[in-house]
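The values are calculated or read from the model by the stated rules, or taken from the named source; none is laboratory data. What you see is a predicted model, and the numbers here were worked out from it, not measured in a lab. Here the Cβ is made from the backbone with ideal geometry for all residues, glycine too, and neighbour counts use every protein chain on show. When the accessible area is computed, the model is the full protein with side chains, heavy atoms only, and any ligands, DNA or RNA have been set aside. Shrake-Rupley method; radii C 1.70, N 1.55, O 1.52, S 1.80 Å.
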Amino acid sequence: MILLVLLSCLAFYLSVYWGVFGAIPSKAELKSKQNSTASEVYTADGVLIGRYFLQDRTNVKYEEISQDLIKALIATEDVRFYHHKGVDFRSLMRVLFKTLLLQDADAGGGSTLSQQLAKNLYSRKNFRYLSTPINKIREMIIANRLESLYSKEEILELYLNTVPMGGNIYGIERASEIFFNKKARSLNTEEAAVLVGMLKANTTYNPVRNPEKSKARRNAVLGQMEKYGYLPPATSDSLQNLPLRLNVKRRAAKIEMAAYFREQLRRELEIWCHSQHKEDGEPYNLYTDGLKIHTTIDSRIQKQAEKAVREQMSALQASFFTHWRGKNPWGNNFNVVKAAIHQSVRYKRLAETGKSWAEILEVFKKPVDMQVFTWNGSQKRRMSPLDSIRYYMRFLNTGMLSIEPGTGYIKAWVGGIDHQFYKYDHVLSKRQAGSTFKPIVYAAALEKGMNPCKLFENKRISYPQYENWSPQNASGTYEGKYSMKGALAHSVNTVSAQILLRTGIKPTIGLAHRMGIESEIPEVPSIALGTASMSLFELVSAYSIFANNGRALKPVYITSVTDAKNNVILKRAPTILKQAISSQNASVMIELLKGVIDEGSAADLRTKYGLGMEIAGKTGTTQNQADGWFIGITPDLITGVWVGGENPAVHFRSLELGQGARTALPVWARFMINLTRTEEYAGFRFSRFDGVSPELKALLNCPSFVPDEVVEEEKPKKESFFKRIFKKGFNLFKKKKKGEDEPAEPAAKQEAKNKK
């Protein structure tokens, strides 16, 4: 009978060994086995701002791990680790005896570290009733093969790089960074004990979620270290009396930075990785190959950009809520809400199940618990998905992009007010450009040879060749004449239309494309007023030409990518595409755009915000104030801001509140104020553009505005006081000479005397 049982056990073991229940990894496969490693994103100033992973892991070498942690691990998980070849039969028999015969539930599992490593590398499978024995035997076989291929130190290294530490965190290095904000090599004894304690149950003994249980488990690990001679009793007692100390703050701050940028980067790199191959011929994997992505983003500039968005958009939102108190910004137009429903993930999932619109709408009306965005942090509320959509539609959003002139390096990228709740990136979204397109119109005119001092009448004109199109000025006034500088500074629509039609629609569109506008631009005269839709990314790129002597630079946000062995597999440098406009006309445009700040629609930058550096820029506002823009050029940065609702139907009702100078410009101003208050960028406060030549000064020496001539009736000139005195004295002298002491009588009276 015993022989039969033994033969059955042997047959069962061999069936697993030979792969009846699934192939066992070969030694060759185990030898090449590597843990997946997260790819990391770094700023230009060396700050880690993001990771891409399937498992959040950073691999480390054995030498880079604290010896206190190694000792704690062996004392707690596998005290005979250095005395077995993957399977500890003595411990296994002890566990079987205590579990089966003595019914001791705390006898442990008997698995060695090598067996646990096998389980970490190859997840257990479901074989119904035989799952536990089959998986155990598989792990024993794999553990034995691992021990024949790797040294004990290599086994420990592999194990500590694979252990799950809760959530999607894997490996001792990431756990050390997350819970203690330090590398694994720097862990002290009590910190090492906390992390080793988590291996038994990483949720139960998570030090953030369950600090008391974590402390108790830590002390149990310290007790094991004392038991097996790794700690003196006095030291163990002293450490067990210490409070639980964590440091998890810095990680949270880093992960939040540049969320929209990191998502755009992820999409681009996913595609790039598929086209690039490793030495083994396999394409790179962004999530497992441990790439290091070095970007042009400056963490200090990015931080100030995000801060400016928080400060200004929260204040603007409060004003917007007050403006629409008790009313929906979209009025009674349910189609606006319906369109938002159709764009939601919830709707798409329900539609895929075959539900009708009526059925889906009923689901959207049922209240559920949810986290919602507020400017005071996310809050838990109970509301229906339909009410949630209406709630989010009332918020204004923004996009902000900052590029370094001369290199085209992107220094800051803010795609919205909160990536968790608003996924749409407004650096890349396309909206009507408004008056921010006008500088391109003016640049095209200069390229055609138009004199910047040419005066244009500010009058409303109908153009029969374009279906009597008749552009109006936002101010409603039509008088005087404007030069280019004045018309651009005050965003005079009537003059912009005249300039476009004198230059030509096709040449203007052609220049726009050469300047980096890739969006389709319709061949209609209304593009002079910015009716074409384009992205903030395109417009800021186009404006960079004015600051780069007319040269088009391709925007860059990746400088290099290295593999896990630090080999450079991608390198990018500034790329000059072409001379889009002449150097002189680029300088002229800077001078014209300076007028917008010094005398025009962006004058608040001087009078209200007190910015002293030289600035050239343009505000923009679209129909019904649906979009507010400001793009500002300084000698150091070119930064653009867009502000508006997710749907164009959501906007301020008045131009005074909703124009770009009131919505987008304050975000730009706050950004520059915040940035120039930092020690690193204080010098930006005094930056100046290159001086213009005497010839260019002469070319631009003309008034911005000439009023209409006023014809007045000519009045007799009033004699001066001295002239009147002189004349009176002269007359008196004449009378005395004739012997006339009295004034001469009137002629009529003298004539009457003569008749008598």
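Counting only protein heavy atoms and a probe of 1.4 Å, the accessible surface of segment 131-223 is 48% carbon and sulfur. Taking the 1.4 Å solvent-accessible surface of segment 394-510 as the whole, the part contributed by carbon and sulfur is 44%.
The peptide list 585-591, 61-67, 503-509, put in order of mean Cβ contacts within 10 Å with the highest first, becomes 585-591, 503-509, 61-67. Straight Cα distances below 18 angstrom link Lys307 to the aspartates and glutamates Glu256, Asp298, Asp418, Asp425, Glu679, Glu680, with same-chain residues fewer than 8 positions distant left out.
Using the alpha carbon gyration tensor of segment 477-522, what are the three equivalent-ellipsoid semi-axes (square root of 5 times each eigenvalue), largest first, in whole Å? The partial results should precede the final answer.
Values: eigenvalues 120, 24, 16 Å².
For segment 477-522, the ellipsoid semi-axes come out as 25, 11, 9 Å.
Dividing the Cα radius of gyration of segment 288-380 by 2.2 N^0.38 Å, with N the residue count, gives 1.60. With semi-axes defined as the square roots of five times the eigenvalues of the C-alpha gyration tensor, the equivalent ellipsoid of segment 307-347 measures 25, 17, 6 Å, largest first. When the charge dipole of segment 108-247 is built from unit charges on Cβ atoms (+1 for Lys and Arg, -1 for Asp and Glu) and taken about the Cα centre, the candidate among Gln224, Ser238, Asn206 whose Cα reaches farthest toward its positive end is Asn206.
Of the peptides 138-148, 452-462, the order by per-residue mean of other Cβ atoms within 10 Å, starting with the highest, comes out as 138-148, 452-462. Per residue, the chain exposes 51 Å² of solvent-accessible protein surface, assessed with a 1.4 angstrom probe and all protein chains in place.
In debye, nearest 20, what is the charge dipole magnitude of the chain about its Cα centre with +1 on Lys and Arg Cβ and -1 on Asp and Glu Cβ, if you could check? Kindly include the intermediate steps, with their values, before the conclusion.
On the way: 106 positive and 76 negative charges, 406 e Å.
Around 1940 debye, computed over the chain.
Over the residues of the chain, the helix contribution to mean residue ellipticity at 222 nm works out to -13000 deg cm²/dmol, using -39500 (n - 2.57) for each DSSP H run of at least 4. Cross-linked pairs Lys303/Lys423; Lys71/Lys227; Lys31/Lys152; Lys152/Lys565: Cα-Cα separations exceed 21 Å for Lys152/Lys565.
As I understand it, the dipole of the chain uses +1 on the Cβ of Lys and Arg and -1 on the Cβ of Asp and Glu, about the Cα centre. Which of Ile155, Trp357, Ile590 lies farthest toward its positive end? Highest projection toward the positive end goes to Ile590.
Take peptides 303-315, 644-656 and line them up by average Cβ neighbours within 10 Å, highest first, as a rough protection proxy. Before the final figure, lay out the partial values.
Details: 303-315: 19.9, 644-656: 18.3.
The densest-packed peptide leads the list: 303-315, 644-656.
Can you give the convex hull volume of the alpha carbon atoms of the chain per residue, in Å³? Numbers along the way, then the final one.
Values: hull volume 229.7 nm³, N = 756.
With only Cα atoms used, the chain gives 304 Å³ per residue.
Of the accessible area of segment 615-682, with the probe set at 1.4 angstrom, what percent is carbon plus sulfur?
42
In the structure shown, the pairs Lys200/Lys278; Lys119/Lys213; Lys119/Lys571; Lys618/Lys697; Lys119/Lys183 are assessed against 30 Å; a Cα-Cα span above that value is assigned to Lys200/Lys278; Lys119/Lys571. Towards the positive end of the charge dipole of the chain, with charges on Cβ (+1 Lys, Arg; -1 Asp, Glu), say which of Gly480, Leu657, Leu455 has the farthest Cα. In the chain, that residue is Gly480.
Which value, in nm² and rounded to one decimal, describes the direction-averaged projected area of the C-alpha convex hull of segment 607-686? Numbers along the way, then the final one.
Numbers: hull surface 21.9 nm².
Taking the Cα atoms of segment 607-686, their convex hull projects to 5.5 nm² on average.
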